[in-house]
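Visitor: Can you keep this structure in mind? I'll have questions shortly.
The values are calculated or read from the model by the stated rules, or taken from the named source; none is laboratory data. Here the structure is a predicted model, which is why all the values come from computation and not from measurement. Here Cβ is always computed from backbone atoms with ideal geometry, including for glycine, and neighbour counts include all displayed protein chains.
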């Protein structure tokens, strides 16, 4: 453990020394580093897809290329295009009449220093490169800790990054929970963690010893409200397609869906039709993602068993039942489960969708607001007034209207949680600001205004008169 901590601290100090020696990197340097990331992804698409397929024991290559290569490229290219604008000092107003005498104020965005990124297992490359793009655009050096649940991907990243970056620019640290604990205890200048709330709490606690600021991207049970004004067939298709993304192993995956009571059967029928059209068979299907490992497979199977034991309605949207030796599980829909079930209290993070029949939208809002604020919230419908009621009457990290998950794909929108679903945000300009120190700079004019205004000792009637002119309603 001592050697581990010593090695981590040595890497951090090497980066910090390089940062101080370099000073604030120019836009050209930042763009060059961002381009290295682009080169890494484009040059290594095949090994990336193979590594993730190995880690999952079944993950579609197109899904990996879309989520782990194409989407991060969008972030990198946006950063290259905008970094010069983001870097520019922002003029701020000075109080009257200081500006008349030459005083001015500005905000300068400076690199925080060395940023730590701790990634989850579900999208282990995207959840590294997306924030990395903004951390590099902000002029930082970066240490990366990939999830130990993706050993093939983590080893690949540890092999690839040194081919494109100097070890004091970007470094990858591979290992299990002990490495993660040591990593989060480093005196980094900022830590971004994506993953489970339980681990996020530990990261925040460890970081607090160094007063290291943290951005936590967590999760929760993301709800969907299907309005009576929605097209049920089109809505069911989009929700089912979104739920199938990575077999529900997405922090933004729809967890439970409120459907008008009279439309529940039509919704389920269409969901079944869509699933079977997209996946004529789920087992041994290279287009369908497996559950990441045996522990999570057992967790999902436990939920299904609990639902069955409770005598609740459970619909398998596929044509096959799960079987040993293949961790692919068809999407299952549970209708109106009781609140005491584990599946209603845990973030599902897998191929189970809860459908809750409702009579009144206000009841849906009451239900959502009685629980921790989710990372995502989805509304389907054409009723503008109702849509505004949902937006104004709930709190979530982000929202997609008439679609699920898609707000995360908009690189110009901040992405983050609120409350139990996370702290802080990144993506785009907001990400640049997250990894920057906003430094206020005030420049005085030639005259000693404090003295002229009578604000400097010794205080006199002039002082009181000046104060009286300012202290008023």
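Visitor: For segment 74-105, which positions are buried (at least 16 other Cβ atoms within 10 Å of the Cβ) and either without any contact (Cβ under 8 Å) to a residue 60 or more places away in the chain or more than 27 Å from residue 34 (Cα to Cα) (or both)?
Guide: Selection gives 76, 80, 94, 98, 103, 105.
Visitor: Another question about this same structure. Being more than 14 Å from residue 421 (Cα to Cα) and out of contact with any strand residue (DSSP E or B) (no Cβ under 8 Å at 6 or more places or on another chain) is the filter here; which residues of segment 368-383 pass it?
Guide: Matches in segment 368-383: 370, 382, 383.
Visitor: Would a scan of segment 381-397 turn up a residue that is outside the structural domain of residue 112 (by TED's automatic domain parsing), at pLDDT below 95, assigned to a helix (DSSP H, G or I) and surrounded by fewer than 16 Cβ atoms within 10 Å (Cβ to Cβ)?
Guide: No: zero hits.
Visitor: Out of everything in segment 186-198 that is surrounded by fewer than 19 Cβ atoms within 10 Å (Cβ to Cβ) and touching a helix residue (DSSP H, G or I) at 6+ places or on another chain (Cβ under 9 Å), what residue ends up being modelled with the highest pLDDT?
Guide: The residue in question is 187.
Visitor: Residue 378 passes all but one of (1) surrounded by fewer than 23 Cβ atoms within 10 Å (Cβ to Cβ); (2) under 25 Å from residue 263 (Cα atoms); (3) touching a residue at least 24 places away in the same chain (Cβ under 8 Å); which number fails?
Guide: Only one criterion is unmet by residue 378, namely (1).
Visitor: Failed condition for residue 205, given (1) in contact (Cβ under 8 Å) with a residue 60 or more places away in the chain; (2) within 26 Å of residue 419 (Cα to Cα); (3) outside any loop (DSSP other than H, G, I, E, B), with all others met?
Guide: (1)
Visitor: Quick check on segment 441-456. Is at least one of its residues assigned to a strand (DSSP E or B), crowded, with 22+ Cβ neighbours inside 10 Å and either within 13 Å of the chain's Cα centre (by Cα) or not assigned by TED's automatic domain parsing to the domain that holds residue 129 (or both)?
Guide: For segment 441-456, residues assigned to a strand (DSSP E or B), crowded, with 22+ Cβ neighbours inside 10 Å and either within 13 Å of the chain's Cα centre (by Cα) or not assigned by TED's automatic domain parsing to the domain that holds residue 129 (or both): absent.
Visitor: Consider residue 108 carefully, then state whether it is touching a strand residue (DSSP E or B) at 6+ places or on another chain (Cβ under 6 Å), in contact (Cβ under 8 Å) with a residue 24 or more places away in the chain, surrounded by 13 or more Cβ atoms within 10 Å (Cβ to Cβ) and within 30 Å of residue 469 (Cα to Cα).
Guide: The answer is no for residue 108.
Visitor: Every residue in segment 288-301 that is assigned to a loop (DSSP other than H, G, I, E, B) and surrounded by fewer than 17 Cβ atoms within 10 Å (Cβ to Cβ), please.
Guide: 293
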